Structure formats: C-alpha cells, structure tokens
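The values are calculated or read from the model by the stated rules, or taken from the named source; none is laboratory data. Nothing here was measured: the structure is a model prediction, and the numbers come from that model. Cβ sites come from the backbone with ideal geometry, for glycine too, and all protein chains shown count toward neighbours.
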Amino acid sequence: MPLHPVARRSVPDEVFDQMLAEVVDGGLAPGEALPSERRLAEVLGVSRPAVREALQRMAQTRLVEVRHGGATTVRDFRRAAGLDLLPQLLVRGGHLDLAVARSVLEARLAVGPAVAALAARRGGPALAADLTDAVDALAATDDDVERQRHALAFWDRVVEAADSLVFQLMFNSLRAAYEPALTALAPLMGEEVGQPGAYRMLTTAIGEGDPETARAAAERVLRPATESLLAALAAAGQEPGPDEEPADQPGAQQDGGPER
C-alpha cells in the first residue's frame, strides 16, 4: 500500500483523498483489511483523529465497512457506492478523469431526454419565460465556461419542473461532480453550449407541452458533447470509440479464436 506522509497534520481531507485513490486504483482490493488507525497515522504522518475522520467519510461513502471490535475492510465501490462519490472521482489529484467525465455525460444523455419529456408534461407554458431567459443569457456570451453555467441554470428549471425526486437527486449529484470541472471540460462542451438554437427548440417543445418533441430536442442538445468526449478518449487510446468494442472485453472474440 504505497501511501506517503501528508504534508500538513490534522488534514482528514488529504487522508481521505489518498485512501480513496488506493481503493479506486486497486491498491486496496475489495475484502482487504485496512491497517489499524495507529498504523495508518504513523504511515501518513497525521494524528489518529484525522485518520478516524477520514475513515468515517469512507464508511459514509460506502468505500469501507467498519465492524465494531473487528477489522475495517474495503468494499467494492462499483457495487456499493452511490452518486455522492462522483465529485471525488471526477477530479482526483487536480486532474480530470476523462473516463468518469465520459460516464457523467453518458448519464446526462440517457436521463436528460426523459426529464425534458416530464417537464413538458408537468410544467409546460409556465416554464417558457424562465427557459427563454436562460437561453438568451447563453447566447449573449462567447465564453464557454459562462455558457455552461447558463446551461446548468436552464437544466435546473427543467429538472425542477419534471417534479421527480429521483431525477432531482440524480441531477444534484451529477451537477456536484460536474461543476468543479467546468473549466477543464470547456473545450469538450463548447459544441453543446454553443448551439442556442437547439436550446430554443427544446424550450419551445416544453412550452407547448409536447413531451415527445421535448425528448427529441433534449437528445439533440446533449448528444454532441457525449460524442466529442468519446472521440477524445478514443484518440487518446484510453477508451473505445462509439462503434468499437474493447479487445479485452469479457466474451469478446480475440485472435480469430472461438468466443470464450
């Protein structure tokens, strides 16, 4: 477990970040028992209360399981964690994780059209003025970061009008992950937030109470950024392109041999 001393003492956030990286990157495997608080404090060069607070945060985000009187063990975060972990996963060590960013955008593409359809059905004409104001503000600037902020304000109103608690909580988590990375994502998001005409079409469909047209318009708004990110990842050799299958995917055929 290649942990290293934290530069400052009593910094549970930094301890949490190191432990999170170990779990996510596989340095700590699911089912593995963590060292004692005392040992972790020695390795990290911090106080035991700092370690204890970091472990409590890890338990709250379901990264570890704490058993009273027993060992603290690592959980499989892919099976146990929730959307509240996304902000920590999207930007780690000051760097944007493009694979996580891809997942965030893919989730938006899957959920956004359904939310727009609900907003058209439940909000309708009452939304038109607010959405128009948000699109006007988006169209009035050529700064991609500011455009993203106006786009978020637009979707705030759409999600609120959809009147779905689950979608609202999903949006809150996705936004919490997305907002700290606005600047890093600006080059990839320009294609989306730079199309006010598509937002106006969506606004019209919602204002007219037309769920199916709103669904299609939302797809048109959200798809470009998703495809741009997939293309960027494919170009970097980190992820397969939209129409490619990873060579090492379970069940994929390799070397001309039979499917395994």
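Some points to look at:
Yes/no matrix, rows are residues, columns are (1) touching a helix residue (DSSP H, G or I) at 6+ places or on another chain (Cβ under 8 Å); (2) of a type outside the set (Lys, Arg); (3) surrounded by fewer than 17 Cβ atoms within 10 Å (Cβ to Cβ); (4) at pLDDT 95 or above:
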position: Asp17; (1), (2), (3), (4): yes, yes, yes, no
position: Leu20; (1), (2), (3), (4): yes, yes, no, no
position: Val24; (1), (2), (3), (4): yes, yes, no, no
position: Arg39; (1), (2), (3), (4): no, no, yes, no
position: Arg48; (1), (2), (3), (4): yes, no, yes, no
position: Ala54; (1), (2), (3), (4): yes, yes, no, no
position: Met58; (1), (2), (3), (4): yes, yes, no, no
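- Some residue of region 41-50 being of a type in the set (Asp, Glu), in contact with a Gly (Cβ under 9 Å, 6 or more places away or on another chain), outside the structural domain of Arg175 (by TED's automatic domain parsing) and assigned to a helix (DSSP H, G or I): no
- Search result, residues across region 102-123 that are at pLDDT below 90 and either out of contact with any helix residue (DSSP H, G or I) (no Cβ under 7 Å at 6 or more places or on another chain) or not assigned by TED's automatic domain parsing to the domain that holds Pro187 (or both): Ser103
- The helices (runs of 4 or more DSSP H) falling completely within region 165-228 that include 3 or more residues that are of a type in the set (A, V, I, L, M) and within 14 Å of the chain's Cα centre (by Cα) map to 165-178, 182-193.
- Failed item, numbered, when Val135 is tested on (1) closer than 22 Å to Asp25 by Cβ; (2) in contact (Cβ under 8 Å) with a residue 60 or more places away in the chain; (3) of a type in the set (Val, Ile, Thr); (4) buried (at least 19 other Cβ atoms within 10 Å of the Cβ): (1)
- Against the numbered list (1) buried (at least 17 other Cβ atoms within 10 Å of the Cβ); (2) modelled with pLDDT of 90 or more; (3) closer than 30 Å to Arg223 by Cα, Thr72 comes up short only at (3).
- The listed residues are Arg67, Arg79, Arg62, and the only one of them that is free of Cβ contacts under 8 Å to residues at least 60 places away in the same chain, in contact with a Phe, Trp or Tyr (Cβ under 8 Å, 6 or more places away or on another chain) and either at positive phi or surrounded by fewer than 17 Cβ atoms within 10 Å (Cβ to Cβ) (or both) turns out to be Arg62.
- Of everything in region 134-164 that is polar (S, T, N, Q) and over 20 Å from Gly209 (Cα atoms), the residue that is nearest to the chain's Cα centre (by Cα) is Gln148.
- Take the conditions (1) of a type in the set (D, E, K, R); (2) touching a residue at least 60 places away in the same chain (Cβ under 8 Å); (3) under 19 Å from Asp210 (Cα atoms); Asp130 misses just one of them, which is (2).
- Test: residue in region 160-178 that is basic (Lys, Arg), assigned by TED's automatic domain parsing to the domain that holds Ala225 and either in contact (Cβ under 8 Å) with a residue 40 or more places away in the chain or under 20 Å from Leu83 (Cβ atoms) (or both): yes
- Restricting region 89-132 to residues that are not charged (D, E, K, R) and not in a helix (DSSP H, G or I), the residue that is surrounded by the fewest Cβ atoms within 10 Å (Cβ to Cβ): Gly94
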